[in-house]
Structures are given as structure tokens and as C-alpha cells.
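K.L.:
Dropping the structure in here first, questions after.
Derivation of every value follows stated rules applied to the coordinates shown; laboratory data play no part. For clarity, every value in this text was computed on a predicted model and none was experimentally measured. Virtual Cβ from ideal backbone geometry, glycine too; neighbours counted across all protein chains shown.
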Amino acid sequence: MSHVLSQTARLAPTVLPERRFGLRLPLLLLLAFVAVPLLGSDYWLGAILVPFLVLSLAGLGLNLLTGYAGQTSLGSGGFMAVGAFATFGFVVHGGVPLPLAVLFAGLVTAGAGLLFGLPSDRIKGFYLMVSSLAAQFFFEWLFQKFPWFYNYGSSGTITLPRLEAFGYDIGTAVGRYYVTLTVVVLLTWIAVNLVRSQTGRSWMAVRDMDTAAAVIGIRVYRSKVLAFAVSSFYLGVAGALWAFLYLGSASVQSFGISRSFQILFIIIIGGMGSIAGNFIGAAFISLLPLAIDHLAQAFFAGHVDAGLLQNIQKALFGVLIIGFLIKEPDGLARLFRTLGERLSSWPLRF
Amino acid sequence: MNPASAALRALRRVALPVGLVTCLATSAFAVDTHPGPDSDKQFFPIASYRVGPYASAGVQIWAAMIDYLRYVNEVEGGINGVKIVWQECETEWTADKGIECYERQKHGLNGAPVAIYLPNGAPAAYALTDRAAQDKIPLITLAYGRTEATDGRVFPYIFPVILTFYSEASALVNYIAEREGGLDKLKGKKIATVYHDSAYGRETLEPLELLAKTYGFENIQIPVADPGNEQSSQWRQVREAKPDWVFLRTWGVSTPVAIKTAVRFGFPADRIIGDVWASSEEDVLPAGEAAKGYLALTPYPAGASFDIHQRLKKAIIDTGKSDLRDTSTFGSVYYNSGLTDALIFVEAVRIAQKKFGNRPITGTEGQWALEHLKLDNARLKENGFYGLVQELQLTPADHEGGGAARVQQWDGTKWTPVSDWVQADRALLRPLIDAKSAAYAKEKGITPRDLSQDLSKQQ
């Protein structure tokens, strides 16, 4: 029966892709919303899972732009800064409640992204990446230079009066975890639907060959600029979450060029043009060094010079990145999918 | 609507209130120490940076801390018999890793509790402000961080001990007055400040403005944009203004560049006074010959001839137990800053033990001890830090305590102290600090502690 079905599918490629998640997604959500908060300690929730989720969201934002629409960018850190400082501005100067402030900040960032996406009409590839660096450095300069953005505080850092959403105190580790998780799940769901919609298909057409896309009637420039706006919205929200739900207080240093690179590495390692890849990449970037560190502390602390130990960990992490990329240049998401397909087809063949 | 998102919505409806209720119930308590076999020991967490751009300074700081703790353990038998254990955690001088380290270490190590936490870096210190207050763990930010945290009524758990940037500015003016022959001689003098255009650099704008108004000197402010590896236009400005003194508030690469450029433009190095973060060997060595005669303010002068260094040399360095791989940096500015950090920790634990008994000290007890910390010259002579650390007395309202700096001069190969402790006029600057802390309290919705009540309870 299934043999016949797949035959038809091959003959008629217009059939929508079959839903890949059966029970897996509800199980994953059950785990994230119920099991993890019950089992995890404050350290796990507040210091490991919250940053992991926020970095996944930032990766998702960049992946929409780079992985789906094919536009390279190194301005992610700058856009995250816009989200954080805009949220602060709306709360402190405008008295807007936090959830709404984050939404508005996302929209402001989307506007900023749209603006910096305008050159994508004429510039492509690496040149576009370099021009996106302008966004990074411009925003770093902007939020440092004008004290209005950090409400004239002496330290140049921004911090919110009280973390509150819909009357609940969300300042604790569990509260911060739930809010971050809810936002990330919601935005991921939107992203999944977006990339399957006409917009997402236009993006992928532009990515694969913009001339061909133009020939079949896709408005290429509009698609590109829209990708910049949507991607920046995601990055802006991620920046706000990073600043207020993870760090608690942030300055431009929290959103420097190294943050942009970190997010780029997340999508390269996780997998370009994959939604799950962002989560896998973020886990790789944020959880693996911690795991290495905990192992190193447990086995070698006191026996090996501490400075040497830290540098060995960095080197090991680098070797792992290179190793995985040689094994699967399309990212870890692809690696896992291949593995899953191999395991699900009986008899097992290796 | 697909089944997955329907399930998700249902879940969120149930799980969110449950989670919020549990977190509300637990938020009011101080952080607890996880039980373990080391519950008779005191834990000293070291949030270190051994990789990244500041590692070369860092290794000296951590080595000093570890050397001193090892000395206390092995020679003095611990703090009144309580041994100290320590563990490092790599922060790379960033806020995000700094938070991870704090969360990892705040529950103690194998049962040994945390009395005091040192964030060792401004980004982490700012990010931890709220968390530390929630967990009731005091933070020490020695010579960095928020100046307004001096006000213990608004910041009960932050301790910018010894010297804030405001006191630094005032100590500078007082030192110049000393050199000029009195505060009345400052009238009509010109003091130019070349500063790193960042939150750190801008911190002295306000106090210098007030000091200039009070003493009648001309206050010239010249910013240097980060990173500051080209400063011709700034020093051309300095040359045109012809100041009597230059206060150099740069950091990192901008310090040696400033010194070299100053000399190129004919401004003598012995008329430039560097600030705390422009006062180490690493700041002047790259400037080479140009730095000869350069002056610098510091709350922990360089030198290996203080009494504590003799003791450490005998017990730790010469026996090969030091954490320093390159013992030529023994007694450097950064090494001595690490010693100072460790001393404040050990003395605070000692003071807490006097009240709570000779046992490991928790965060709330550490906070009490820091608010009642007293280090007079008699005590400093006893523990060997006389000359390296100034007399200190903290109160619940005043979390700085000292407010003095010594001036040292670079002779091309080493620093030599050229002044005694120069005290800042802290009473003059306190209203500025109070205004800032009040603004912070208002922005964050904090009600300042009523100390008159607090004091009677604690005595």
C-alpha cells in the first residue's frame, strides 16, 4: 500500500510534504513544559535552558534570512541590541507593560532591519555581509553614544524595574523559563508556518536562484526586504529576552560582534534552512562547552594548570565543530535526520 | 488548528500557573547551600578569566588569590580553624558566562557555603545586581562597578569597597593640590581628563565638574573613542589647551597609545596621572621609553617588599606551591589586587565568625560582616598588608569605606610609590552619590532600608 502511495507521490510532486511529526512534538512539548520545570533546578532552568532557548530563537531569526532567503548578515548582534534597548525605552520612557513592550520592540527592530535590508537590491553574497556589519557597528555606537537610550544611568547598562507579565512576577528562574519557552514555541510555530507559506517558498526560490525566481513572477526585492524585516523581528525579541530574562541587565557589550558570529555559527552548525537546526546548533554552541567544562572540572581540576585546561577546552570545542562539519556540511540537523531515516527503515543497513 | 498546537495551548493553560505559584513560593528565601562532606569548610568561588583578551592580567589575579588562601590554610591553619576551599569558573569577562558561573557556584561546593561572591568583571557585576540581592549573597566589586552602590540603603548586597571612581577623581585633585602646595593653589590651574568614551570613562565627569567648581580649576574633558589606538587629535587638543596636569582614564590598548602620543606631542609623562585601570605593568611596558616618569593612582600599589610578600615568598613561592607560572610577576599591580580581594574576603569571614561563631559563614552573615568590616593599621600590620591596603571602615550606609589611593611612578622597569595614601574628600561627593542612588531606587521601585531601625537590631 505504502509502496503504491510513494509511487504516486513520485509521479505527482505537487502533493504537500507529509507531516513528519507524529507523537514526537507533543511529547517534546510535554517534556519542556511539565517535566523539565519539575525536575530541573534553578541552575538548569535559569542559567542553562533560558540562554539556550534565547540563542535558538536568535538562530531562528538569522536562519529565516540566511538559510531560507539566502541573504547573509553579520548584524544579528546589532539587531538584538535594538530589541533590548527598544524594550527598555518603551517600559521606562513610555510606561508600556512588558509583553507589549517586547512586541513593539520587535516591530521597531523589524523596521531597522528593513532599512538595513534596502541595499540587498544591489549587493549580494559576501558584499552584503560586509554591509550588514555596518548595522552591527552603528547600533553599538548609537546605544553607547546617546545616554537617552539607557536613561542617563552612569553605568550605561539597562535593567527593568520589575519583571512582570499579566500581573505575575516572572523574576524567578521558573518564571523566566516559562516565559522564554512560551515565546520561543509561539514564534517557532509561526516560523514553521511562514516557511511553508507562499512567502517562505518565495524566499527559497530567491535563495536558490533569484533570476529564475524573477522569471516565474516572484517579486525578488520585496521578498528580500521582507526577509530582513521578519528576521530582525525575531532577533529583536531574542535580544529583549536575552537582556531581561537571562542577563537581567545589559549593555551594548552584550550584543557585540562576537554575538553576531555566535549566532551565525549556530545556524551553520545546526543547519541552514532548517527550523530544528537552530535548536540543535544552539545546544551545540551553548551546552557542549558547559558539558566539557563540567567534565574537565570533575576529572582534571587541580591536576592540570587551570589556564591550560581552559585553553584545551576551547581547542576541543573547535575540533568538534570542524569534525562535525566535515562529516556533514549541511549541519547537525541533516545528520540527525539521516540517522533517523536509517534507523526507521528495517532491516538496519549501515 | 493541528493537534500539536492544540495540545500546546492546553498545556500552557495548566503549566504556567503551576510554575508561577511554585516560583512565587520560593522567591523570598536566601539561597541554601547544598549539603556535602565539606560543610566544615568555607567556599571561595573564583570567577576567573584565563582565556580571552584580559587573560594575561587575570592569571596574576587568580594566582594571588589562590596563593593567599593557600597561605592562610597552611600557615595560619585556616580562618580560626575553618579551612578554605576554592573552585574556578571561566567567565571570559562576559556577562552571560559570569551569570552561569554564579548560578553554578552560589549553592556552595560540597557543602561549603559561599560567604561573599566576587564577579571579577563589570558586565557580570551589573548583571548580578538583582540576583545577588534576591539570593542574599554579597558582591564585592573592588575599584569598579556602580559608584552609587556605595549607598548601602539602596544596595544592601553590593560592596564597591576601598575606592570608587568618584573617590578616585577626588583623590587625584587632592594629590595635585599636594604637589602644587595646597588646595588654594588649584585656582586657575588647568586639569585635562583624557577618558575612554564609555560608561567607565564617563563616570568621573560629574565629580570633576563639582570639584572644579569647588576649587576653581579649569576642567577640560577630552574623550577617546574605543578602542583608542589612534589619539593624535586628542593630544593635539591637549597641547593647545596647555594643561598643568592630565588625568588619564583610559584602559586596555588606549593607555600605552596615550602615553606614547603624549610624549610625541611634547607633553611630559611625569605630568600625566593614570587612573586605577591605567596603572599596571601591562599598561606602561608597551609604551617603552615614553612611559618613564608616568604617574598612576592605585588602591593596591605594586611591589614585593610588603610584609605579606615576605611571608608568601617563604611559605608559598619558594616552596613551589604558587599558582604563578611566571614568578617574576610576583608583586605586580594585578597580583597585589588579587591579594587585596582575598584579604577582604578572609577578614570579612573573620569578623563574621566573631559574631556567629568559628564556623563557615553564609551569605547573609557575610553581608553583615562586610557592613561591619574594620581594618585599622594595627590589624593591617598584623596580617602583613600594611602599606598595601589602606585603613577601612564600612558601615551599613557606607559600602566603600576607604576612599584613598597611593600614587606610584614608573621608572622604566618598575613602579615605585611616590606618595602616601591620598584621601578623597568623600563628604563633598556624597550628595552626588545619594542623588544617583535615589534615582536608581526610583527607577527600580526600591524602598531604601531604614538604617536607624536596622542598627539597633544588630547591636
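K.L.:
Treating segment B:165-298 as a set of equal point scatterers at the Cα positions, no solvent, please give the Debye-formula log₁₀ I(q)/I(0) at q = 0.10 Å⁻¹.
P.N.:
After summing over all Cα pairs, the log10 values are -0.27.
K.L.:
Rounded if a/c is under 1.5, else prolate if a/b is larger than b/c, else oblate: which is segment A:247-340, with a ≥ b ≥ c the root eigenvalues of its Cα gyration tensor?
P.N.:
oblate
K.L.:
Also, quick follow-up: Considering Cα pairs under 8 angstrom that are at least six residues apart, work out the relative contact order of chain A and quote it in whole percent.
P.N.:
Answer for chain A is 28 percent.
K.L.:
Given H placed on each backbone N at 1.01 Å, which residues far from residue B:402 in sequence or on other chains put an amide H within less than 5 Å of it?
P.N.:
Amide H neighbours of residue B:402: B:162, B:393.
K.L.:
Once a ≥ b ≥ c are taken as the square roots of the eigenvalues of the Cα gyration tensor of segment B:355-459, is the result rounded (a/c under 1.5), prolate (a/b larger than b/c) or oblate (a/b not larger than b/c)?
P.N.:
oblate
K.L.:
Something else now. In sequence order, what are the phi-derived ³J(HN,Hα) couplings for segment B:145-152 according to the Karplus relation 6.51 cos²θ - 1.76 cosθ + 1.60 with θ = phi - 60°, rounded to whole Hz, with x for glycine and proline?
P.N.:
Coupling constants for segment B:145-152: x, 5, 5, 5, 5, 3, 6, x Hz.
K.L.:
Quick one, could you list the DSSP H helices from chain A stretching 27 Å or more along their long axis (Cα atoms) with average Kyte-Doolittle hydropathy of -0.5 or above?
P.N.:
A:98-117, A:125-145, A:173-196, A:220-240, A:306-327
K.L.:
Starting from the Cα of residue B:205, step 7 Å along the direction of its Cβ; do the same at residue B:319; then give the gap between the two resulting points in nm.
P.N.:
Spacing of the two 7 Å Cα→Cβ label points: 5.3 nm.
K.L.:
Sorted from largest down, give the three principal axis spans of the alpha carbons of the protein assembly as shown, whole angstrom values.
P.N.:
97, 64, 51
K.L.:
Within segment A:270-297, find all residues whose amide N lies under 17 Å from a label point positioned 7 Å from the Cα of residue A:317 along Cα-to-beta-carbon.
P.N.:
Zone members listed by number: A:270, A:280-297.
K.L.:
Rounded to the nearest 5, what is the percent of antiparallel bridges among the DSSP beta bridges in the protein assembly as shown?
P.N.:
Within the protein assembly as shown, antiparallel bridges account for around 40 percent of the total.
K.L.:
Express as a percent, rounded to the nearest 5, the fraction of DSSP beta bridges in chain B (both residues included) that run antiparallel.
P.N.:
35
K.L.:
Please label the shape of segment A:87-215 as rounded, prolate or oblate, based on the square roots a ≥ b ≥ c of the eigenvalues of the alpha-carbon gyration tensor (a/c under 1.5 means rounded; beyond that, a/b larger than b/c means prolate, else oblate).
P.N.:
oblate
K.L.:
Helix by helix, which DSSP H runs in chain B go 18 Å or more along their axis at the Cα atoms and have an average Kyte-Doolittle hydropathy of -0.5 or more?
P.N.:
Details: long enough: B:3-26 (34 Å, 1.07); B:55-74 (27 Å, 0.35); B:122-135 (19 Å, -0.29); B:165-180 (22 Å, -0.12); B:333-356 (34 Å, 0.39); B:426-444 (26 Å, -0.34).
Span-like helices in chain B: B:3-26, B:55-74, B:122-135, B:165-180, B:333-356, B:426-444.
K.L.:
Averaged over A:297-306, how many beta carbons belonging to a partner chain fall within 10 Å of each residue's beta carbon?
P.N.:
2
K.L.:
Take the cross-link list B:190/B:260; B:314/B:414; B:187/B:442; B:185/B:374; B:136/B:444; B:314/B:381 and give me the ones stretching past 26 Å between alpha-carbons.
P.N.:
B:187/B:442; B:185/B:374
K.L.:
Leaving out same-chain residues fewer than 8 places away, which aspartates and glutamates sit with a Cα under 20 Å from that of residue A:224?
P.N.:
Excluding near neighbours in sequence, the set is A:121, A:208, A:210.
K.L.:
Starting from the amide H of residue A:70, placed 1.01 Å from N in the peptide plane, find each other amide H under 5 Å away whose residue is 5 or more places distant or on another chain.
P.N.:
none
K.L.:
Rank the residues A:337, B:236 as a footprinting-exposure proxy: fewest other Cβ atoms within 10 Å of their Cβ go first.
P.N.:
B:236, A:337
K.L.:
For segment B:305-317, what does the Karplus curve 6.51 cos²θ - 1.76 cosθ + 1.60, with θ = phi - 60°, yield as ³J(HN,Hα) per residue in whole Hz, taken in order and with x for Gly and Pro?
P.N.:
9, 5, 4, 4, 5, 4, 5, 5, 4, 5, 8, 10, 5
K.L.:
Just checking the output field for A:27-38: average partner chain Cβ neighbours within 10 Å of each residue's Cβ? Numbers along the way, then the final one.
P.N.:
Values: counts 1, 1, 7, 4, 0, 3, 9, 5, 0, 0, 5, 4.
The mean count of partner-chain Cβ atoms within 10 Å per residue comes to 3.
K.L.:
Collect residues whose amide H, placed 1.01 Å from N in the peptide plane, falls under 5 Å from the amide H of residue B:190; neighbours closer than 5 in sequence don't count.
P.N.:
B:218, B:244, B:245
K.L.:
What ranking do A:77-89, A:38-50 get when scored by the average of other Cβ atoms within 10 Å per residue, highest first?
P.N.:
So the order, starting with the most tightly packed, is A:77-89, A:38-50.
K.L.:
Okay, moving on. Hey, any idea what the orientation-averaged projected area of the convex hull of chain B's Cα atoms comes to, in nm²?
P.N.:
26.0
K.L.:
Taking the dipole about the Cα centre of segment B:165-298, with the C-beta of Lys and Arg at +1 and of Asp and Glu at -1, give me whichever of B:221, B:186, B:284 is farthest to the positive side.
P.N.:
B:186
K.L.:
Taking beta carbons within 10 Å but only from partner chains, what does the mean come to for residues B:49-57?
P.N.:
Per-residue shielding by partner chains comes out at 2.
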